[in-house]
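A.B. asks: The structure is given below, and queries will be raised subsequently.
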Amino acid sequence: MRTDFRTGPLWLALASLVAASAGCVAPCPDSGQVCTVAGTGEAGANENEARATRSPLYGPMDVIAWPGSGGSFFIGDWNNHKIRLVEDGTVSTVVGTEFLGDGDPDFLEREGDGVPGIEVALNHPTQAEWNPVTGKLLLPSWHNHRIREWTPETGHSVVVCANTAIDDGNGANAGFAGDGGPAADALMAFPNSIAVDPDDGSFWFVDQKTNHIRWVARDYSLIDSIAGNGTSGYEGDGGPALEASFNFWDSEDLQPEPSGSIEYDGARFLYVADTTNHAIRVIDTADGTIDTLPVAPEQPLTGGTCDPSALCFPGDVELGPDGRLWIADTGNHVIRAYDLDSGVLETVVGTLEAANGEDGLPALETALRRPHGIDFDDDGALLIADTYNHRIRRVTP
């Protein structure tokens, strides 16, 4: 009887190698295993390499699942100043050019439906969000101090918030203004995370440097603040969210990273990663009050070192398919999950040590390095922007 060589160990090893090099998740078939699905582990850029696991990233700050796409996802490729799209293991740029900037050379992005995204220069894109109502990607352009919208059918990008004049290509018009008027006329400073209302398509975003959370109507006809008094601090729990203070911006940090993240539960509550306060705040959008979730003890940060028993500079929050609130505990180099009913906080990915964990290991044996962004794909798999390892990791559900 002839043996089928395709069932032998050599063939299986070769098949696994081929799948890994193609950017597939086949090498991690078991639940709870972690594999790289984009990035090489080294910082860099390679515009000619289409294979996602052979195309270097540079400090990816976020990963954004594309719902209904069969597993495709976007990457906020921070230091490459691009939004990348990974489909079927291949990567392409959808917004951004080889140079940083603030739009296309003729500024036509501010008219009509904009211009092709690959003609639009960005300056450090951050935590984007898919709008399921409009079918478009909302893109905070952090150093541009404005928000853009990308349409998959046309590939065009258009400025939708803070459509102000450009003086130097680096967002010269940063500030805080425009509440009560059209979003196009507003000023903002370092916008970061976005959370979308799945019922009407309106959204909230973190106006990082001004320590506000602002709301924008679906048609961009109105912008308003819903939380934050504009000062840096940690006050206001139990009272009106507009009188509370956040600490999204450490004034002593001369080179701050994106900070502050928000997630909406689709019904009433807005969860806020108050990053430099090492806390998760919750805003009741029905009555406008704010409080702190009792996720973990206070972070002492003794000697500037993170205490792993508490959250440390949480960078992102997402509600998972299991109903828990998942947290990118950036300073602790782990992903945690908080049960909103029982109050139990669990470490689900990472070792609490900063390292570049190898693929194929169980989640709790896979080291990360300052992960900033997380999301869940159509299969319920956790996607992680393993920022300082310059990778996107996927945890098999």
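The values are calculated or read from the model by the stated rules, or taken from the named source; none is laboratory data. The structure displayed is predicted, hence computed values, not measured ones. Because the Cβ atoms are built from the backbone with ideal geometry, glycine has one as well, and the counts that use them run over all protein chains shown. Ligands, DNA and RNA are excluded from the accessible area calculation, which covers all protein heavy atoms including side chains. Shrake-Rupley method; radii C 1.70, N 1.55, O 1.52, S 1.80 Å.
Residue-by-condition table, conditions (1) of a type in the set (A, V, I, L, M, F, W, C); (2) open to solvent by less than 20 Å² (accessible area, probe 1.4 Å); (3) over 21 Å from the mean Cα position of the chain (by Cα):
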{"residue": "127", "(1), (2), (3)": "no, yes, no"}
{"residue": "151", "(1), (2), (3)": "no, no, no"}
{"residue": "165", "(1), (2), (3)": "yes, no, yes"}
{"residue": "194", "(1), (2), (3)": "yes, yes, no"}
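A.B. asks: Need the failing condition index for residue 118 against (1) modelled with pLDDT under 95; (2) open to solvent by 30 Å² or more (accessible area, probe 1.4 Å), just the number.
C.D. replies: (1)
A.B. asks: Here is a follow-up. Take the residues of the range 379-394 that are over 21 Å from residue 262 (Cα atoms) and not in a loop (DSSP other than H, G, I, E, B): which is most open to solvent (accessible area, probe 1.4 Å)?
C.D. replies: So the first thing to find is which residues in the range 379-394 are over 21 Å from residue 262 (Cα atoms), and the list is 379, 388-391, 393-394.
Now drop any that are not not in a loop (DSSP other than H, G, I, E, B), which leaves 388-389, 391, 393-394.
Numbers: 388: 100, 389: 2, 391: 42, 393: 0, 394: 30 Å².
The extreme case among them is 388.
A.B. asks: Kindly provide the set of residues from the range 196-234 that are over 17 Å from residue 177 (Cβ atoms) and acidic (Asp, Glu), ordered by number.
C.D. replies: Within the range 196-234, 197, 199, 200, 219 meet the criteria.
A.B. asks: How many of the residues in the range 209-230 are open to solvent by less than 20 Å² (accessible area, probe 1.4 Å), over 19 Å from the mean Cα position of the chain (by Cα) and either at positive phi or among the aromatic types (Phe, Trp, Tyr) (or both)?
C.D. replies: Selection size over the range 209-230: 1.
A.B. asks: Can you tell me which of (1) basic (Lys, Arg); (2) in contact (Cβ under 8 Å) with a residue 60 or more places away in the chain; (3) part of a loop (DSSP other than H, G, I, E, B) is the one residue 370 doesn't meet?
C.D. replies: Here residue 370 meets the rest and fails (2).
A.B. asks: Would you say residue 376 is surrounded by 17 or more Cβ atoms within 10 Å (Cβ to Cβ), on the phi > 0 side of the Ramachandran plot and not basic (Lys, Arg)?
C.D. replies: Details: surrounded by 17 or more Cβ atoms within 10 Å (Cβ to Cβ): yes; on the phi > 0 side of the Ramachandran plot: no; not basic (Lys, Arg): yes.
For residue 376, the condition - surrounded by 17 or more Cβ atoms within 10 Å (Cβ to Cβ), on the phi > 0 side of the Ramachandran plot and not basic (Lys, Arg) - is not met.
A.B. asks: Just name the residue that is surrounded by the most Cβ atoms within 10 Å (Cβ to Cβ) out of those in the range 259-276 that are hydrophobic (A, V, I, L, M, F, W, C) and in a strand (DSSP E or B).
C.D. replies: That would be 272.
A.B. asks: Answer yes if at least one residue in the range 306-321 is within 25 Å of residue 31 (Cα to Cα) and open to solvent by 50 Å² or more (accessible area, probe 1.4 Å), and no otherwise.
C.D. replies: The answer is yes; a qualifying residue exists.
A.B. asks: Mind counting the residues in the range 231-258 that are in contact (Cβ under 8 Å) with a residue 40 or more places away in the chain, part of a loop (DSSP other than H, G, I, E, B) and more than 21 Å from the chain's Cα centre (by Cα)?
C.D. replies: Matching residues across the range 231-258 total 6.
A.B. asks: Name the single residue that is least open to solvent (accessible area, probe 1.4 Å) among those in the range 28-42 being part of a loop (DSSP other than H, G, I, E, B) and within 19 Å of residue 74 (Cβ to Cβ).
C.D. replies: Checked the range 28-42; the qualifying residue least open to solvent (accessible area, probe 1.4 Å) is 39.
A.B. asks: Could you tell me whether any residue of the range 360-383 is closer than 14 Å to residue 32 by Cα, of a type in the set (S, T, N, Q) and over 20 Å from the mean Cα position of the chain (by Cα)?
C.D. replies: Yes, the range 360-383 contains at least one residue that is closer than 14 Å to residue 32 by Cα, of a type in the set (S, T, N, Q) and over 20 Å from the mean Cα position of the chain (by Cα).
A.B. asks: Still on this structure: Residue check: is residue 397 buried (at least 20 other Cβ atoms within 10 Å of the Cβ) and not in a strand (DSSP E or B)?
C.D. replies: Numbers: buried (at least 20 other Cβ atoms within 10 Å of the Cβ): no; not in a strand (DSSP E or B): yes.
The answer is no for residue 397.
A.B. asks: Any idea which of (1) part of a loop (DSSP other than H, G, I, E, B); (2) under 21 Å from the mean Cα position of the chain (by Cα) is the one residue 173 doesn't satisfy?
C.D. replies: The single condition residue 173 does not satisfy is (2).
A.B. asks: Considering the range 335-359 alone, what residues qualify as being open to solvent by 30 Å² or more (accessible area, probe 1.4 Å) and of a type in the set (Gly, Ala, Ser)? Steps first, please.
C.D. replies: Keep residues of the range 335-359 that are open to solvent by 30 Å² or more (accessible area, probe 1.4 Å), which gives 339-347, 351-356, 358-359.
The answer is 342, 343, 354, 355.
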